[in-house]
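Peer 1: This is the structure I want to talk about, given as structure tokens.
The values are calculated or read from the model by the stated rules, or taken from the named source; none is laboratory data. In this text the structure is predicted, and so the values were computed from the model without any measurement. Cβ sites come from the backbone with ideal geometry, for glycine too, and all protein chains shown count toward neighbours. SASA here: full protein model, heavy atoms, side chains in, ligands and nucleic acids out. Shrake-Rupley method; radii C 1.70, N 1.55, O 1.52, S 1.80 Å.
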Amino acid sequence: MSRPKPCEAVKVVVRCRPFNRREETMDNDNILEVNSKLGQITLRNPRASPEEVMKSFTFDAVYDFESKQSDIYDDTVRPLVDSVLQGFNGTIFAYGQTGTGKTYTMLGMPTDNERGIIPNSFNHIFTQISRSQNQQYLVRASYLEIYREEVRDLLCKDNKKLDLKENPDSGVYVKDLSSVVTKNVMELEHVMNIGDESRSVGFTNMNERSSRSHAIFMITVECSEKGTDGEDHIRVGKLNMVDLAGSERQSKTGAKGERLKEATKINLSLSALGNVISALVDGKSTHIPYRDSKLTRLLQDSLGGNAKTVMVATLGPASKHYEESLTTLRYANRAKNIKNKPKINEDPKDALLREFQEEIARLKAQLEERGTLAKERRRRRNSRRLTKSMIVEDVAHRERDAELWKALEAEWKRNEEYYIKEEEESKMIEEDEKGPFGEKEQMEKERMMDDMQKEQEAMEKIIEKYKAMESKILAGGKNIIDHTNEQQKMLELKRQEIAEQIRREREIQQQVMAQDEETGELRETFSSLQQEVDLKTKKLKRLYAKLQLVKAEIGDVIDEHVVTRQELEQTQNELTRELKFKYLLIENFIPPKEKNKIMNRLHFDSDEDQWRFRPFVPSESKSAHQVKRRPTSVVGYKRPISQYAQMAVTAGAPCRYRAENVMLLELDMSPPSMYNLNLNGAHLEQNFGGHGSPRRDLLANVPFRDRTTASGRIRKSRSWYQAPRSSSSCVSSSSSSSSITSGPQTQCSPHPQRPSSAIYTPLEGSIPGGP
Ligand code: ADP
Ligand code: MG
């Protein structure tokens, strides 16, 4: 349920920092004039002629060089944090050029009076909680940064990229972002310090520790309170504190390489922020480009949404940053016109406090149940023990302790508590008894002790969990009786009232000034013509000056657009160059077939704003295109094996795969025909080619063996273990190939095996002198 609220403009304040040491030594002029009372800031163009009218801007508040951290907090931030405690969403973001004090304003320094908005809000939140009455609170914190358009959890060491998701109830949120439940200021500070250590910072010409990312510290405050209907109602307020990266021009930072790429992304997201602001203020735009960057998506609620928003624009006083200061002021001036519709988040579905309360109630019931159970068990145990001891007594000491038995029985009836106290006494009696019941008794006792111990442990666990959960829920009202506390509260209220008065005064003065100009002329009455001429001349001059101002403004805006366009072109060139490089890699190093495969699987996920791979097998047609499964191995074998091989193995033959020949070259066992070499003979001519062959000399007097054709002797392979007998005869005959010169031999008989099996035949050396 939510209560719709009227529109509320984004509150814009400007803060100017003092000169830094470098600016002082470089003899820079101060170009800013701050009128805190009127909320007005005037900017002087250092290159303009002295008579040129200076540019003035009016804001909700303006803080000069001497402003303290507490001023900005009490005046501007305190009301916003109070709203968050009431269940509104609130956002504070610092915008400005690098080195103008965004991080200083948001985080500040560790010293007490230099603490920034974020740590000051911790004190504020917990003080308010401690002063509350009949309310329960749960405070949790998250810390993230957007670096190069990637969202990272600063509280998680793994630095994983996180995705943005959208939920109709809670809007845009970061999936899997860690959130830490905190119980006091120290814990929140610890969370902040851990996050700060992981933040991306780098050196630029303008700031040694320039923040290179947008950082968002989020505090969620859940408050439960009994409503008029007697039911508990939960309100959830989220406070986003954003320290944006610098908005300066790339040329000023001296950024190159990686830094330039960072700057490109920073500028893109900031220009997306600018576009969102323009579209919101414009009033004509039907489309607000929130989706153009992660930053604008996350700030969607804060800009034109249901949150209360404060923008702190930071400026430096130095003349050399005139352009940047003017841009910042223009940006801030535009943001003033954004209208939000803040609403209280009441009873949201995802309130963690509700879950905690339910869990605590469950644990409490469990504890109570166990407590009564334990009590009951103890009572039963005592009574049983007593009865037993009484029986034992009865058997062994009937005569001797008859009186005691009677007394105990009477007492047991009277008061079970008494028996608990009497436990030790009955124990003594049990120990005395070493009769036929002794061992059984002992076992029973041990079992009971065991039960008791288990019970105790379970109870302790539940109590521990209960305490831990309850300690996370904070309740105020404990110090409320404290007199000083009461006074402080009053003091703060008064301070707030004064701040409110000052704010109203400022607003009225601004209105008066505006109206004065419009209505001044209506009141004018002229006594003479000359007077009328004089006054009208004055007015003409004033209007002329205004015209000049507007003309200058137009010129400035055009110039600014030109510069922005140039920068965008530069960014585009940079991206094109990178794209060309990637193309080069793809064209030259990825085979076209592979490239096509990848391209066909890619699709753009507009929800996630990312390219994604489609699965290999579309999930809906999975059953239709079943992937063929590899045949499974026979039990006991390493790999699939054919039936044939299995049979061979069972037959005891060696492994089929070890060294199998596919081809069988049958050993030629026919007796060689011997010739005496006749160098001039026609036979040799026929065998060794024409005349003049060099081999002719070499072969002189070498006995030559004539062969029949080889083609008939190539056979298909056979498994050697299929026919061990015949193969062995072959092997043995082949091994005796050295005897080819010794005379005629019997030919190896043809093998009767199947043609598909192989015979392992070592052929080397079978034809030693062969050509
Ligand atoms: P940004 O975050 O805008 O880049 P920083 O906050 O890091 O800039 O500020 C740059 C330097 O200026 C820091 O050393 C900081 O202490 C100093 N500084 C900024 N604002 C103020 C201020 N209002 N008073 C004193 N010092 C300031
Ligand atoms: Mg910074």
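Peer 1: Could you please find all residues in the range 312-347 being under 30 Å from the mean Cα position of the chain (by Cα) and within 16 Å of ligand 2 (Cβ to nearest atom)?
Peer 2: Passing the criteria: VAL312, ALA313, THR314.
For (1) touching a strand residue (DSSP E or B) at 6+ places or on another chain (Cβ under 6 Å); (2) in contact (Cβ under 8 Å) with a residue 12 or more places away in the chain, each residue gets a yes or a no:
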{"position": "ALA48", "(1), (2)": "no, no"}
{"position": "MET54", "(1), (2)": "yes, yes"}
{"position": "VAL62", "(1), (2)": "yes, yes"}
{"position": "VAL81", "(1), (2)": "no, yes"}
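Peer 1: Output the residues belonging to the range 166-186 that are under 17 Å from VAL236 (Cα atoms) and of a type in the set (D, E, K, R).
Peer 2: Hits for the range 166-186 are ASP169, LYS183.
Peer 1: Only one of (1) assigned to a strand (DSSP E or B); (2) within 16 Å of ligand 1 (Cβ to nearest atom); (3) acidic (Asp, Glu) fails for GLU24. Which number is that?
Peer 2: Single failed check for GLU24: (1).
Peer 1: Please go through the range 511-540 and pick out each residue that is at pLDDT below 70 and among the aliphatic types (A, V, I, L, M).
Peer 2: Passing the criteria: only LEU522.
Peer 1: I've got another one for you. Do you know which residues across the range 315-341 are in a loop (DSSP other than H, G, I, E, B) and of a type in the set (Gly, Ala, Ser)?
Peer 2: Correct list: GLY316 only.
Peer 1: If I ask for residues that are open to solvent by 60 Å² or more (accessible area, probe 1.4 Å), at pLDDT 75 or above and of a type in the set (S, T, N, Q), which ones from the range 641-671 would you list?
Peer 2: Hits for the range 641-671 are GLN643, THR650.
Peer 1: Scanning the range 525-560 for residues that are open to solvent by 100 Å² or more (accessible area, probe 1.4 Å) and not basic (Lys, Arg), which turns out farthest from PRO50 (Cα to Cα)?
Peer 2: Filtering the range 525-560 for residues that are open to solvent by 100 Å² or more (accessible area, probe 1.4 Å) and not basic (Lys, Arg), the one farthest from PRO50 (Cα to Cα) comes out as SER527.
Peer 1: Just to be sure I understand, how many residues within the range 342-376 are surrounded by 14 or more Cβ atoms within 10 Å (Cβ to Cβ) and not in a helix (DSSP H, G or I)?
Peer 2: 8
Peer 1: Can you name the residue in the range 86-114 that is touching a residue at least 40 places away in the same chain (Cβ under 8 Å) and away from ligand 2 (no atom under 16 Å from the Cβ) and is also farthest from VAL172 (Cα to Cα) among such residues?
Peer 2: ASN113
Peer 1: Only helices (runs of 4 or more DSSP H) wholly contained in the range 32-133 count here; list those with 2 or more residues that are open to solvent by 10 Å² or more (accessible area, probe 1.4 Å) and away from ligand 1 (no atom under 16 Å from the Cβ).
Peer 2: Fully inside the range 32-133 and qualifying: 78-86, 117-131.
Peer 1: Another question, then. Which pairs do you get when a residue that is open to solvent by 60 Å² or more (accessible area, probe 1.4 Å), found in the range 15-26, comes within reach of a residue that is of a type in the set (Phe, Trp, Tyr) and more than 16 Å from ligand 2 (Cβ to nearest atom), reach meaning Cβ atoms under 6 angstrom, with the pair 6+ apart or on two chains?
Peer 2: Close Cβ pairs satisfying both conditions: PRO18/PHE65.
Peer 1: Residues that are more than 16 Å from ligand 2 (Cβ to nearest atom), among the basic types (Lys, Arg) and not in a strand (DSSP E or B): does the range 9-17 have at least one?
Peer 2: No, the conditions are met nowhere in the range 9-17.
Peer 1: For the range 270-287, check the following and say yes or no: at least one residue is away from ligand 2 (no atom under 16 Å from the Cβ), surrounded by 20 or more Cβ atoms within 10 Å (Cβ to Cβ), farther than 29 Å from MET54 by Cα and among the basic types (Lys, Arg).
Peer 2: The answer is no, given that none of the residues of the range 270-287 is away from ligand 2 (no atom under 16 Å from the Cβ), surrounded by 20 or more Cβ atoms within 10 Å (Cβ to Cβ), farther than 29 Å from MET54 by Cα and among the basic types (Lys, Arg).
Peer 1: State the number of residues belonging to the range 211-249 that are within 16 Å of ligand 2 (Cβ to nearest atom) and among the polar types (S, T, N, Q).
Peer 2: Residues meeting the conditions: 3.
Peer 1: Would you point out which residue out of VAL180, VAL172 is open to solvent by 40 Å² or more (accessible area, probe 1.4 Å), more than 16 Å from ligand 2 (Cβ to nearest atom), in contact (Cβ under 8 Å) with a residue 40 or more places away in the chain and within 26 Å of the chain's Cα centre (by Cα)?
Peer 2: Of the residues listed, the single one that is open to solvent by 40 Å² or more (accessible area, probe 1.4 Å), more than 16 Å from ligand 2 (Cβ to nearest atom), in contact (Cβ under 8 Å) with a residue 40 or more places away in the chain and within 26 Å of the chain's Cα centre (by Cα) is VAL180.
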